[in-house]
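What follows is a short report on a single structure.
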C-alpha cells in the first residue's frame, strides 16, 4: 500500500473507531498487551536483526541503546498498555451545554481527533506507546518510525493490530509506514484531509523537518532550554538542591535545566558550593566571567551556550544584576518550556509566574516535574512547546477535539 | 519596517500586553471605538480612494460592496468594539489545579496566545474587528489585509493604534503589513518564533494558500458544504421550514445549506412543496434523477455539485435509499462544518449526532445557528473547520492558550 492508501484506510477505520465504546477499546488494549508479551521471542528476534544492521552501519552507542529491546523492555511496553487501558476515558464527555434563548441545546462534546500521524526515531517502544494512546482515545494512527527499527516496529505493529482486530477495533485503525524512504515521509506530511494532526517525537532536527515540510497541522514537541534562577532572597540550600536535581537527575530529557542564573548579591554565597556539588556529579560548568571566578574548574561560556540544549551533564551559568535581567535572559534565550525561580520574595514569585512566558513556570521547585505522569495525566504523548491546541505535557485529553451537538424542535434563524 | 521587524515589534509588545489588566484593555477598547467614530471622515475619504482604484481595475460588484464603507458601517465597527470591551475577560482564569502528592500545586491558567497573524481580503471592517478581539484577549496582532483596501486599513489601524497607545496598550501590539506584495505575505507565514498562529479569513483560495505555504501553525476556517437530511419519519412541514431557512436566510455564509438529502420514502410527499417554496425564493435546484422528477423547474446535478459550496441561491438535491446512505454521502462530499437531520426517530437522531463527524451536528434545527453569537460566545473570530486547537465557532477563549504555574517549597524529583 502507498502512504496515501494507508492513510485512507486509517481514515475509513477512524469513523468506526470513534463510535466504539470505552469498554471495547479498554478490553482490546488489555488483550493487545497480552499478545505483545506472548510475542516476546518474535519481537526480540526482529529487534536483534535491526540492532545487528545498525551496528554494521556503525551508529552511535547511545542510538543502539535506544534501539535495543530486551525482555524487560517488552514487559515495560505491555505494562504501559495495560496502564493506559485503566485510565479514565477521554471521549464523549461534555465540556459545556448552552441553551439558546430559542430553546436549542448546544452541547460541546469531546470526540477523537480522527487520524493521528506520529513520526519518530529509533525507540521501538514508541510504537506500542503511540498505538495504546491512540486506541485509548479513539483515534486511528499512521506511524512512521525510524528505518533502523523497521523490523522491530513491523513485528510490534502486526502483533498489536492482530489482537486489536480480534477484539473489536476496526481493521485499518493501526497503520505502520513500512516504506521508510524520506520521500514517503514527506508525502505523509501533506495528506490534508486524511491525517488530522502530526506529532513528531524525537530530536530537534526531526521536529523542525516536520514543521517546515508539513501542510497538515503539527503539534511541536520537545526542545527545552530550561532555566533555574536563584533570586536575591533565595534559600540557598534549597536552590542548590533544585539546580542539582534539575540538571543531574536525568540530563537527557527536555525538562532538565541547561542554564543557571544567579542574582549578583548571592552569587558568592552559593556558586562555590553549587560548583562543588555539580562537579562531584560530573557536570561541566560553562560560565560568564563573574560566575567563572566563583566556580572552580569551570570554563568560559560562549554566546551559543545560552541557547543550547545540552541534554548532557553540562550547565551554563550566568550572574545577573537583577530580577529583570533574569527574565529578559530567559525570554531571549529560552525555549519557553520550563523555567524556575528560587525566591522568598512573594512579589518576585508572582512576577515570575506572570511574566515568564513558558509552558511551565515554577516557584521553588525543580523543572523536572514538567511531565504528564507528574501532572497527573496518567500518560503522556509528548510535551508541546507550541501554543495552539496543547501546551506543556499532553495527555489523553489533548488527543481529542470537540464537536457541537445541537438538539432542536424545528428552530430556524 | 520589514515584515520581520513588524513581527519582532509585535512580539516585544506582546509580553507587556499579556500582563495588562482586563480594565486597561477594556478601557482602551472603549476609547479606540470613540476614536474610530471621531475619525469617520478620514476613514471614508481613504475608503473612497480605495473604492475608486478598485473600480478602475474593474473588479466585481460584490467585491466593491464588501470593500465600501459608509457612516453606518463605521458606526457598526465602533459598536462592535464596544461590545467586545464588555465581554467577559478570557485571560487569567484557572482551568484546573492539581496538587501533586509531594505538595506542589500545579495550576493550569489561561494566557494569551502571544502574536496572532490575520490574513484577510477586501472587508476593511475585519481590521477593526480583528484588532478588537486581539486586544481584548491580550494578544498582539500582525494584520495583512487585501491590497485593494490598503488605504482604508491603514487609516483604521493608525486611528486605533494611536488611541490604544494613549490608553495603556504597549506600542507595537497592533501592526498592519502595508507592503501587500505576495512575497511579503509568504514571508509572514514563515515567521516561526515571532508569530504564534495564523488565522486566514476569506475565500477557499486564500485559506488553502495559507495552509500550503505556512510553517507557523494555522487555524483553518471557513469552507462549508452543509447538508440537511430529511429522514423517513421527519415532520415534513418542519423539514421544509428548515431547508428554506438553511438555504435562503443568508446564502453567502458558510453555515448555509448547499445540499438537501431526502429519504426515498418521503421524497414524493415533500420535494414538490419544497421546490415550490425554494423556487419562489429564487433558488436554482440541481437534482439527481429521482429528485428532478419531483421538483419542477430543476436541472441535473453533476458529480461536482455534491462537493460545491455555492455561497449562492443554488441547492443540490438527492434522494437516498436509507439513513446510512445519507451519512455516507455527508461523509464523502461534505466539509464537516454543519449538518442537520430532520427526524422523529430517536435512534436515527442519536446515530446522526454520534456518527456524522462535523463541527456542528443538528437534530431538527437549521444549520444557520453555527455562529459565535448564536452559540453565546459574544464574538467570533471565524469558524474552524480543522480539528486541532478549535473546532466550530471560535470566540475569545479560542484566542488563548494555557500555561502551568507550579508553586512549591523546594520539591525535587
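The values are calculated or read from the model by the stated rules, or taken from the named source; none is laboratory data. The model shown is predicted, which means the values in this text are computed figures rather than measured ones. Here Cβ is always computed from backbone atoms with ideal geometry, including for glycine, and neighbour counts include all displayed protein chains.
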Next on the checklist: For the structure I just gave you, tell me whether residue B:18 is farther than 24 Å from residue B:125 by Cβ, in the same structural domain as residue B:114 (by TED's automatic domain parsing), surrounded by fewer than 20 Cβ atoms within 10 Å (Cβ to Cβ) and under 26 Å from the mean Cα position of the chain (by Cα).
Outcome noted: no
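Condition check ((1) more than 27 Å from residue B:160 (Cα to Cα); (2) touching a helix residue (DSSP H, G or I) at 6+ places or on another chain (Cβ under 7 Å)) across all residues:
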{"residue": "B:171", "(1), (2)": "no, yes"}
{"residue": "B:176", "(1), (2)": "no, yes"}
{"residue": "B:198", "(1), (2)": "no, yes"}
{"residue": "B:201", "(1), (2)": "no, yes"}
{"residue": "B:205", "(1), (2)": "yes, no"}
{"residue": "B:216", "(1), (2)": "no, no"}
{"residue": "B:225", "(1), (2)": "yes, yes"}
{"residue": "B:249", "(1), (2)": "yes, yes"}
Next on the checklist: Name the residue that is modelled with the highest pLDDT, counting only residues in region B:186-215 that are surrounded by 20 or more Cβ atoms within 10 Å (Cβ to Cβ) and assigned to a helix (DSSP H, G or I).
Outcome noted: B:188
Next on the checklist: Just to check your reading of the model, which residue among B:111, B:115, B:126 is crowded, with 17+ Cβ neighbours inside 10 Å and at pLDDT below 95?
Outcome noted: B:126
Checklist entry - Out of region A:231-254, which residues are more than 10 Å from chain B (Cβ to nearest Cβ), part of a helix (DSSP H, G or I) and under 16 Å from residue A:268 (Cβ atoms)? => result A:236, A:240
Checklist entry - Within the group A:82, A:23, which residue is part of a helix (DSSP H, G or I), loosely packed, with under 15 Cβ neighbours inside 10 Å and either touching a helix residue (DSSP H, G or I) at 6+ places or on another chain (Cβ under 9 Å) or at pLDDT 95 or above (or both)? => result A:23
Item to check | Residue satisfying all of: in region A:359-381; more than 7 Å from chain B (Cβ to nearest Cβ) and buried (at least 24 other Cβ atoms within 10 Å of the Cβ); modelled with the lowest pLDDT among these | outcome: A:381
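For (1) over 19 Å from residue A:18 (Cα atoms); (2) not in a helix (DSSP H, G or I), each residue gets a yes or a no:
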position: A:132; (1), (2): no, no
position: A:138; (1), (2): no, yes
position: A:142; (1), (2): no, yes
position: A:153; (1), (2): yes, no
position: A:158; (1), (2): yes, no
position: A:161; (1), (2): no, no
position: A:165; (1), (2): no, no
position: A:168; (1), (2): no, yes
position: A:172; (1), (2): no, yes
Item to check | residue A:30 under 15 Å from residue A:172 (Cα atoms) and under 27 Å from the mean Cα position of the chain (by Cα) | outcome: no
Item to check | Test: residue in region B:53-61 that is crowded, with 19+ Cβ neighbours inside 10 Å, touching a helix residue (DSSP H, G or I) at 6+ places or on another chain (Cβ under 7 Å) and over 18 Å from residue B:161 (Cβ atoms) | outcome: yes
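Yes/no matrix, rows are residues, columns are (1) surrounded by 17 or more Cβ atoms within 10 Å (Cβ to Cβ); (2) assigned by TED's automatic domain parsing to the domain that holds residue A:345; (3) touching a residue at least 40 places away in the same chain (Cβ under 8 Å):
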site: A:240; (1), (2), (3): yes, yes, no
site: A:246; (1), (2), (3): yes, yes, yes
site: A:250; (1), (2), (3): no, yes, yes
site: A:264; (1), (2), (3): no, yes, yes
site: A:291; (1), (2), (3): yes, yes, no
site: A:302; (1), (2), (3): no, yes, no
Item to check | Residue count, region A:379-413 (criterion: within 20 Å of residue A:95 (Cα to Cα) and not in a strand (DSSP E or B)) | outcome: 9
Item to check | Meets criteria (more than 7 Å from chain B (Cβ to nearest Cβ) and closer than 24 Å to residue A:237 by Cα) for residue A:349 | outcome: yes
Checklist entry - When you go through (1) within 7 Å of chain A (Cβ to nearest Cβ); (2) in contact with a strand residue (DSSP E or B) (Cβ under 8 Å, 6 or more places away or on another chain); (3) farther than 30 Å from residue A:352 by Cα; (4) not in a loop (DSSP other than H, G, I, E, B) one by one for residue B:326, which number turns out not to apply? => result (1)
